[in-house]
Amino acid sequence: MGEKIYGLLGRKLGHSWSVPIHQALGCEGYRLIELEPEELGGFLRREDIGGLNVTIPYKREVMAFCDVIDEGAEAIGSVNTIVRREGKLYGYNTDIDGFLYMLRRARISLMGKKVVVLGSGGASLTAQAAAKREGAREVVVVSRTGPDNYENLDHHAGADVLINTTPVGMWPNLEGQPVDLERFPRAEAVVDIIYNPNRTNLILQAEGIDKRDRLLAGEGLRPEEREFHGGHPIRCTGGLPMLVHQAKRAEELFFGQPIPDYQTELILSRLWQDRTNIVLVGMPGCGKTTVGRELAKLTGKPLVDLDEEIVRRAGKPIPDIFREEGENAFRDLESRVLAETCAKDGQVIATGGGAVLRPENQTAMRRTGRVYWLRRDLNVLPKEGRPLSQKGSLEEMYQMRKPLYEAAADFRVDNNQTAAEAAQQIWSELCANIGNQWP
């Protein structure tokens, strides 16, 4: 018999990061295997299968083809890992290992909590099993057509923990969001098993509520300024830790060899460094492109200068766009270019000074990137070739945009230093906060 097959089995896998994860774990031949439902049976009968991971929509369907199903997978009702041994297919569920690792890493407890699980597919079964194992007080499954559905969410407004197991918000359809978190005012934790993008709209909303409530609670203010309005912190996590840890467990089953848990963190670090966009925002002329060039040299990531891309698309300089078509036309083009650029990963992106003006732009930046606000003394900012900088007072512009930069940014950088120093500070901060973008 020739080389055995190892890979991820699913229907549409363009979003998957599984290949680099399994290759990092030592499975060099791991590949993506896209099949239509009618092809599933024929493929699973192949004698050269070594080990498979299984994803949407086949986690339940493959159980019919397994000769032996692990007791844990049987109890959950779904299989995400298949191993062929001595002519038989053995089915396992390593998703629950990854799910529990993700919860503990984010310091999210389900003990005694009311847990609302969005979705009723194979991933939902894993989340339900994990919630019960962790001692949840109540587990509610919300589906499109079941007794608990998206039309009667108010019945569960008292949920403590919300878990999204649906693909809503997953690449390439990044704009989606399964529910509005304002409908769950008591939620203290949000879990989204989606890992691409880094931060779904659901996670971004949880972050925004958390930031708002911390401010209302007076965090970071002087004692005399504090006024508590009932806000509470929201812990949240995306699905990348789950993905990596379940892959580690699957590799152990594939080859019968234990892999230390620290490998999960090493791979998470590598993915976070390689895949996360570094997005630079700040006033016109604050040095975003210059710092971006230094970051590109330091990290090996390609630099995308948003203004240069806009000029290329428009076929004319930015001052001409403003003069001939007006600011609104420029902002529309800027938003389109920004959304397309940020949908890709592993880049350094230098934005225009006004890219933060539209909320949808801030969302696009933060979904796939870590955002750095470059701050520089206003009296050294150049105005030439910058229509809005020439139009009025830079101080007025700064005061208007300051809260928008604050809202968009994960970290502030003083750029009254050399570009190389600023770039090193940004890279060091990103590496130090690997995987902790959702505290």
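The values are calculated or read from the model by the stated rules, or taken from the named source; none is laboratory data. Values in this document were obtained by computation on a predicted structure and should not be read as measured data. Methodologically, a virtual Cβ is constructed for each residue, glycine included, from the backbone with ideal geometry; neighbour enumeration extends over all protein chains shown.
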Exercise. Could you tell me which numbered condition Glu182 fails, if it satisfies all but one of (1) at pLDDT below 95; (2) part of a loop (DSSP other than H, G, I, E, B); (3) not hydroxyl-bearing (Ser, Thr, Tyr)?
Key: (2)
Quiz item: Within the stretch 48-60, can one find any residue that is crowded, with 21+ Cβ neighbours inside 10 Å, in contact with a strand residue (DSSP E or B) (Cβ under 7 Å, 6 or more places away or on another chain), hydroxyl-bearing (Ser, Thr, Tyr) and not in a loop (DSSP other than H, G, I, E, B)?
Solution: no
Self-check item: Contacts under 7 angstrom Cβ, first residue in the stretch 145-161 being in contact (Cβ under 8 Å) with a residue 40 or more places away in the chain, partner basic (Lys, Arg), 6 or more apart
Solution: Gly158/Lys114; Gly158/Arg186; Ala159/Lys114; Ala159/Arg186; Asp160/Lys113; Asp160/Lys114; Asp160/Arg186; Val161/Lys113
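Could you check the stretch 241-332 for helices (runs of 4 or more DSSP H) lying wholly inside it with 3 or more residues that are β-branched (Val, Ile, Thr) and either touching a residue at least 24 places away in the same chain (Cβ under 8 Å) or touching a strand residue (DSSP E or B) at 6+ places or on another chain (Cβ under 9 Å) (or both)? Break it down stepwise before answering.
Values: elements: 262-275, 288-299, 306-314, 318-325.
Answer list for the stretch 241-332: 288-299.
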Self-check item: Selected residue [free of Cβ contacts under 8 Å to residues at least 40 places away in the same chain, over 26 Å from Ala189 (Cα atoms), surrounded by 14 or more Cβ atoms within 10 Å (Cβ to Cβ) and not assigned by TED's automatic domain parsing to the domain that holds Ala206] from Ile21, Ile33
Solution: Ile33
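Somewhere in the stretch 105-126, is a residue under 24 Å from the mean Cα position of the chain (by Cα), of a type in the set (Lys, Arg) and in a helix (DSSP H, G or I)? Let's see the steps before the verdict.
Of the residues in the stretch 105-126, the ones under 24 Å from the mean Cα position of the chain (by Cα) are 105-110, 115-126.
This time we only want the ones that are of a type in the set (Lys, Arg), so: 105, 107.
Those still in the list that are in a helix (DSSP H, G or I) too: 105.
Yes, some residue in the stretch 105-126 is under 24 Å from the mean Cα position of the chain (by Cα), of a type in the set (Lys, Arg) and in a helix (DSSP H, G or I).
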Practice problem: Report, ordered by the first and then the second residue, all pairs with beta carbons closer than 7 Å, sequence separation of six or more or different chains, a first member in the stretch 171-195 that is outside the structural domain of Gly14 (by TED's automatic domain parsing), and a second member that is part of a helix (DSSP H, G or I) and of a type in the set (D, E, K, R). | Solution: Leu174/Arg367; Arg183/Asp154
Practice problem: Tell me which residues, restricted to the stretch 106-122, are surrounded by 18 or more Cβ atoms within 10 Å (Cβ to Cβ) and either in contact with a Lys or Arg (Cβ under 7 Å, 6 or more places away or on another chain) or over 24 Å from Met63 (Cβ atoms) (or both). | Solution: Ala106, Ile108, Leu110, Lys113, Lys114, Val115, Val116, Gly122
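Rundown of residues vs (1) within 21 Å of the chain's Cα centre (by Cα); (2) modelled with pLDDT of 95 or more; (3) within 18 Å of Arg275 (Cβ to Cβ); (4) not charged (D, E, K, R), yes/no style:
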residue: Leu306; (1), (2), (3), (4): no, yes, no, yes
residue: Ile310; (1), (2), (3), (4): no, yes, no, yes
residue: Pro317; (1), (2), (3), (4): no, no, no, yes
residue: Asp320; (1), (2), (3), (4): no, no, no, no
residue: Asp332; (1), (2), (3), (4): no, yes, no, no
residue: Arg336; (1), (2), (3), (4): yes, yes, no, no
residue: Ala343; (1), (2), (3), (4): yes, no, yes, yes
residue: Thr351; (1), (2), (3), (4): yes, yes, no, yes
residue: Gly354; (1), (2), (3), (4): no, no, no, yes
Self-check item: Residue list for the stretch 336-382, filter: aliphatic (A, V, I, L, M), buried (at least 16 other Cβ atoms within 10 Å of the Cβ) and either out of contact with any Cys (no Cβ under 9 Å at 6 or more places or on another chain) or within 16 Å of Leu174 (Cβ to Cβ) (or both)
Solution: Val337, Leu338, Ala339, Val348, Ile349, Ala350, Ala355, Val356, Leu357, Ala364, Met365, Val371
Practice problem: Scan the stretch 128-157 residue by residue and report those that are assigned to a strand (DSSP E or B), within 18 Å of Ile108 (Cβ to Cβ) and of a type in the set (A, V, I, L, M). | Solution: Val139, Val140
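Counting only residues that are within 23 Å of the chain's Cα centre (by Cα) and either modelled with pLDDT of 95 or more or hydroxyl-bearing (Ser, Thr, Tyr) (or both), which one in the stretch 244-262 is surrounded by the fewest Cβ atoms within 10 Å (Cβ to Cβ)?
Tyr262
Does Gly26 satisfy being more than 20 Å from Arg133 (Cα to Cα), in contact (Cβ under 8 Å) with a residue 24 or more places away in the chain and either not in a strand (DSSP E or B) or not assigned by TED's automatic domain parsing to the domain that holds Thr165 (or both)? Write out each step before concluding.
Numbers: more than 20 Å from Arg133 (Cα to Cα): yes; in contact (Cβ under 8 Å) with a residue 24 or more places away in the chain: yes; either not in a strand (DSSP E or B) or not assigned by TED's automatic domain parsing to the domain that holds Thr165 (or both): yes.
Answer is yes for this residue.
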Quiz item: touching a strand residue (DSSP E or B) at 6+ places or on another chain (Cβ under 8 Å), surrounded by 16 or more Cβ atoms within 10 Å (Cβ to Cβ) and either at pLDDT below 95 or not polar (S, T, N, Q) (or both), is that true of Tyr101?
Solution: no
Quiz prompt | Among residues of the stretch 333-353, those that are touching a Leu at 6+ places or on another chain (Cβ under 7 Å) and part of a loop (DSSP other than H, G, I, E, B), counted | solution = 3
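Of the residues Thr299, Thr341, Thr289, Thr363, only one is polar (S, T, N, Q), in the same structural domain as Ala420 (by TED's automatic domain parsing) and under 30 Å from Gly26 (Cβ atoms); which? Break it down stepwise before answering.
Numbers: Thr341 fails: under 30 Å from Gly26 (Cβ atoms); Thr289 fails: under 30 Å from Gly26 (Cβ atoms); Thr363 fails: under 30 Å from Gly26 (Cβ atoms).
Among Thr299, Thr341, Thr289, Thr363, only Thr299 is polar (S, T, N, Q), in the same structural domain as Ala420 (by TED's automatic domain parsing) and under 30 Å from Gly26 (Cβ atoms).
Consider the stretch 63-82. How many of its residues are assigned to a helix (DSSP H, G or I), of a type outside the set (Val, Ile, Thr) and farther than 18 Å from Ile33 by Cα? Before the answer, list the steps.
Looking only at the stretch 63-82, we keep the residues that are assigned to a helix (DSSP H, G or I), and these are 63-65, 71-76.
Subsequent filtering for residues that are of a type outside the set (Val, Ile, Thr) retains 63-65, 71-75.
Next cut, farther than 18 Å from Ile33 by Cα only: 64, 71-75.
Final tally of qualifying residues: 6.
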